[in-house]
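Working notes for the structure below.
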Amino acid sequence: MHDLLIGGALVVRTEPSSPPWDERARAERFIAMCRKMADEGTGVRVAIDRASDGAFVGWCGLTRWNPDHRSASLGYVLGEAMWGHGFATEAAHALLQWAFDSLDLNRVQAETDTRNVASARVLEKIGFMREGTLREDCVVNGEVSDSWVFGLIRREWRPAALPIPAREERL
């Protein structure tokens, strides 16, 4: 697996109302899954830390990496207090830059709950196009939900298109 220089994380779906982890065992399972994914070469998760104080903000990552198809899935999860500050946009953009440059990807896909409009905006801001809807794709807190599927292909990637936020709290 490749090393990243951005310090962050990864996942395929963001869920607007998923409860915070309060069980140590759940966190340990998540860490074990991240290690296994890295060992198998199928993905990478990076932690997103706030530059001003090093506080953990969330994670962003690539999963389902397929070198033969030159494709992967992008995801991110942030603590609710960190929403709306540009962290997801900045982390996802940096991870995509690395993925297109180092992994030579042709396509990156992402999915988000249709109720999570803010996540959809993050994806559109960094160049993803909404390609469709997966009907009743998941269950979030006991509620059946649809997901939007987004795609970004290499020839549409604009690495310089994202302005760097003018703030201290950067990756």
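What FRET efficiency comes out for the pair E28/A55, r = Cβ-Cβ distance, R0 = 22 Å, nearest 0.05? Mind dumping the intermediate values first?
Working: r = 21 Å, r/R0 = 0.96.
Taking R0 as 22 Å, the efficiency between E28 and A55 is 0.55.
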For region 28-171, just the Cα set please: Rg and Dmax, both in angstrom. 15.1, 41
Could you state the number of Å between the C-alpha centres of region 103-159 and region 43-85? 14
Take each of the peptides 32-44, 86-98, 106-118, average the number of other beta-carbon atoms within 10 Å over its residues, and list them starting from the highest. 86-98, 106-118, 32-44
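Provide the per residue accessible area, probe 1.4 Å, for region 30-171, rounded to a whole number of square angstrom. Intermediate values should be presented prior to the final figure.
Details: 7530 Å² over 142 residues.
Using a 1.4 Å probe on heavy atoms only, each residue of region 30-171 averages 53 Å².
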On the protein heavy atoms, probe 1.4 angstrom, tell me the percent of accessible surface of region 37-150 carried by carbon and sulfur. 48
Please give the length that would be gained between D137 and I153 if that part of the chain were fully extended, namely 0.36 nm times their separation in residues minus their C-alpha to C-alpha distance (nm, one decimal). 3.4 nm
Could you grab the relative contact order for region 16-106? Cα pairs under 8 Å, six or more apart, rounded to a whole percent. 19
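The values are calculated or read from the model by the stated rules, or taken from the named source; none is laboratory data. Treat the numbers as computed from the prediction; the structure is a model and nothing was measured. Neighbour counts run over all protein chains shown; Cβ positions are idealised from the backbone, glycine included. SASA here: full protein model, heavy atoms, side chains in, ligands and nucleic acids out. Shrake-Rupley method; radii C 1.70, N 1.55, O 1.52, S 1.80 Å.
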